[in-house]
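Asks: Before I ask anything, here is the structure I am working with.
The values are calculated or read from the model by the stated rules, or taken from the named source; none is laboratory data. In this text, all values refer to a predicted model and were calculated from it rather than measured experimentally. So basically every Cβ, Gly included, is an ideal-geometry build from the backbone, and we count neighbours across all protein chains shown.
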Amino acid sequence: MEIKEEEIKNNLSAKHEDETVPMPIAKLLIVVYVGTLFLVIMTQIISIYNRDKLSSTIKAYSEDINAIGNLSMALIEIENADEELRNWVLSENNNTSFNSSNYSLHLSTAKEALDSAKNVSKKYQNLRDIILASIEDLKNRNILINQAINSKEISIAKKYAVDRRSISSAMNLLSSILRESRHDMELLQAKLQIETKTLDISLTIIITAMIIASIFLALLWSKLVALH
């Protein structure tokens, strides 16, 4: 009788063990699940970080391009105003009054372009200051030229008309900045390529992790079913 009771207990115990998930497989399922979840979360964080970094880089570069564009426009308009004044002084008809409408329009447009670049970064502040000084220099030369012409001192008026030191200084600085900008653009393109590849790699890691996890889980589940 005691032997039968012992057999019944052993049979019940064996049945219970069969219905229980083997510990190694259960632990492996948990490890795979947690590992995959961690990998996906980390790659998502990296992707978001790279995306924000890429957006900041593009925004900063766009602001630099706008600043250079506005400063270049201002300098071009100053050049045009200077040409209007110089052509009048050097022409045969400098005894007539100066038609200042185009001259004033160019200066006004230059001032508007400078106002648009009022909050430029320190990198371009020196160029903006020099261009602003060129406007003031041109206005002063206009006054001196008119005074010289009214005094019949044409040679002095012509001397003021061809004095382009301030404008030339601004042009040289702008040329230097444009060269640096081209170099920065090349660096930015390389940086964009690296960050784009990083984003692609992050996405590939996520997809690969999900596929591998699915395969592992399927294999483990099939083994679990086979044990039953």
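Asks: So which of D163, D200 is under 30 Å from E79 (Cβ atoms) and at pLDDT 75 or above?
Replies: Among D163, D200, only D163 is under 30 Å from E79 (Cβ atoms) and at pLDDT 75 or above.
Asks: Which of the residues spanning segment 33-86 are surrounded by 14 or more Cβ atoms within 10 Å (Cβ to Cβ), among the polar types (S, T, N, Q) and closer than 30 Å to L107 by Cα?
Replies: Selection gives N70, S72, N80.
Asks: Could you grab me the full set of residues in segment 145-195 that are farther than 26 Å from D129 by Cβ, within 29 Å of the chain's Cα centre (by Cα) and among the basic types (K, R)?
Replies: Once the filter is applied, which keeps residues that are farther than 26 Å from D129 by Cβ, within 29 Å of the chain's Cα centre (by Cα) and among the basic types (K, R), segment 145-195 yields only K191.
Asks: List the number of the failed condition for I131; all other conditions in (1) in contact (Cβ under 8 Å) with a residue 40 or more places away in the chain; (2) surrounded by fewer than 17 Cβ atoms within 10 Å (Cβ to Cβ) hold.
Replies: Only one criterion in (1) in contact (Cβ under 8 Å) with a residue 40 or more places away in the chain; (2) surrounded by fewer than 17 Cβ atoms within 10 Å (Cβ to Cβ) is unmet by I131, namely (2).
Asks: Can you say whether S175 is closer than 24 Å to S72 by Cβ, exposed (fewer than 11 other Cβ atoms within 10 Å of the Cβ) and at pLDDT 85 or above, as far as the supplied structure shows?
Replies: Here the answer is yes, as S175 does meet what is asked.
Residue-by-condition table, conditions (1) in a helix (DSSP H, G or I); (2) within 31 Å of the chain's Cα centre (by Cα); (3) of a type in the set (V, I, T); (4) modelled with pLDDT under 90:
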site	(1), (2), (3), (4)
H106	yes, no, no, no
A113	yes, yes, no, no
Y124	yes, yes, no, yes
S134	yes, yes, no, no
D137	yes, no, no, no
N140	yes, no, no, no
I143	yes, no, yes, no
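Asks: Okay, next question. If I ask for residues that are surrounded by 14 or more Cβ atoms within 10 Å (Cβ to Cβ) and either in contact with an Asp or Glu (Cβ under 8 Å, 6 or more places away or on another chain) or not β-branched (V, I, T) (or both), which ones from segment 140-150 would you list?
Replies: Once the filter is applied, which keeps residues that are surrounded by 14 or more Cβ atoms within 10 Å (Cβ to Cβ) and either in contact with an Asp or Glu (Cβ under 8 Å, 6 or more places away or on another chain) or not β-branched (V, I, T) (or both), segment 140-150 yields R141, N142, L144, N146, A148.
Asks: Still on this structure, I have one more. Which of the numbered conditions does K118 fail, given that it passes all the others? Conditions: (1) part of a helix (DSSP H, G or I); (2) closer than 21 Å to I65 by Cβ.
Replies: (1)
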